[in-house]
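The values are calculated or read from the model by the stated rules, or taken from the named source; none is laboratory data. Note that the coordinates shown come from a computational prediction; the quantities given were computed from them, not determined experimentally. Here the Cβ is made from the backbone with ideal geometry for all residues, glycine too, and neighbour counts use every protein chain on show. Accessible surface is based on the protein model in full, side chains and every heavy atom, while ligands, DNA and RNA are left aside. Shrake-Rupley method; radii C 1.70, N 1.55, O 1.52, S 1.80 Å.
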Amino acid sequence: MNLQGTGLELVGDVMGLPAYQFGADLTSLMPPRRSSKMSTHGPAAVGMTVTHRRYVPYSHAHYAGNLVDGAYSLAAFGDVATEMCIRTDGDEGLFASYSDVQFRAPVRAGDCIEIEAILVRVGSRSREMSFEVRVVTRGNPAGGDSAADLLDEPIVATTARGVVVVPATI
């Protein structure tokens, strides 16, 4: 497979399959974005925040105790990062990297979670964000099959930092 020009590089193998990672220039995968007079996005500014809330369905439970895998939080971070890029640059952007991912508390099926992205650094084509998943409601099986509790204080379940890249404006 020819990967030249994709920004991917072979870094080894995982369970006998080739493993790739993105190189430094993810923007080579993106066509330049043309400015539009109809654009409603604003300039990227440190401190901008995007927050989503969602219910965690039981179909996402992977482990005993209705635990949800950590990838669920990472996918949610991608969703808030996408909205941030649309708001700041009028483009969905591409996720380049995560750093300092910490799974601090479990996320369970039946939880309602709040996912937040805060813009912490703005480069010419990169956007660095801090992310947090908070559990705001939790199922309460002791109260009945469909019982749930609104938590007095949200539980910080997952935190991370991440970098996305956006195309240059021409």
Query raised in the report: Do you know which residues across the stretch 99-108 are at pLDDT 95 or above and either closer than 11 Å to residue 164 by Cβ or of a type in the set (S, T, N, Q) (or both)?
Result: 102
Report summary line: Only one of 107, 101, 135 is surrounded by fewer than 17 Cβ atoms within 10 Å (Cβ to Cβ), under 18 Å from the mean Cα position of the chain (by Cα) and of a type outside the set (D, E, K, R), namely 101
Report task. Note down all Cβ pairs under 9 Å where the first residue falls in the stretch 95-119 and is under 15 Å from residue 70 (Cα atoms) and among the hydrophobic types (A, V, I, L, M, F, W, C), the second is open to solvent by 30 Å² or more (accessible area, probe 1.4 Å) and in a loop (DSSP other than H, G, I, E, B), and they're at least six residues apart or on different chains. Result -> 107/69; 109/57
Query raised in the report: Being in contact with a Gly (Cβ under 7 Å, 6 or more places away or on another chain) and within 13 Å of residue 160 (Cβ to Cβ), is that true of even one residue in the stretch 75-88?
Result: yes
Requested in this report: For the stretch 129-170, name all the residues that are part of a strand (DSSP E or B), in contact with a Pro (Cβ under 6 Å, 6 or more places away or on another chain) and touching a residue at least 60 places away in the same chain (Cβ under 8 Å).
Outcome: 136
Report summary line: Inside the stretch 127-170, the number of residues satisfying the requirement of being under 27 Å from residue 90 (Cα atoms) and touching a Gly at 6+ places or on another chain (Cβ under 9 Å) is 12
Requested in this report: Being open to solvent by less than 70 Å² (accessible area, probe 1.4 Å), at pLDDT below 55, assigned to a helix (DSSP H, G or I) and not hydroxyl-bearing (Ser, Thr, Tyr) is the filter here, so list the residues in the stretch 19-72 that pass it.
Outcome: 26
Requested in this report: Kindly provide the set of residues from the stretch 100-128 that are within 23 Å of residue 58 (Cα to Cα), assigned to a strand (DSSP E or B) and among the acidic types (Asp, Glu), ordered by number.
Outcome: 114, 116
**Report entry** Unmet requirement for residue 119, which otherwise passes all of (1) under 19 Å from the mean Cα position of the chain (by Cα); (2) within 27 Å of residue 169 (Cα to Cα); (3) at pLDDT below 95
**Finding:** (3)
Query raised in the report: Hey, does the stretch 83-96 have a residue that's surrounded by fewer than 16 Cβ atoms within 10 Å (Cβ to Cβ) and among the aliphatic types (A, V, I, L, M)?
Result: no
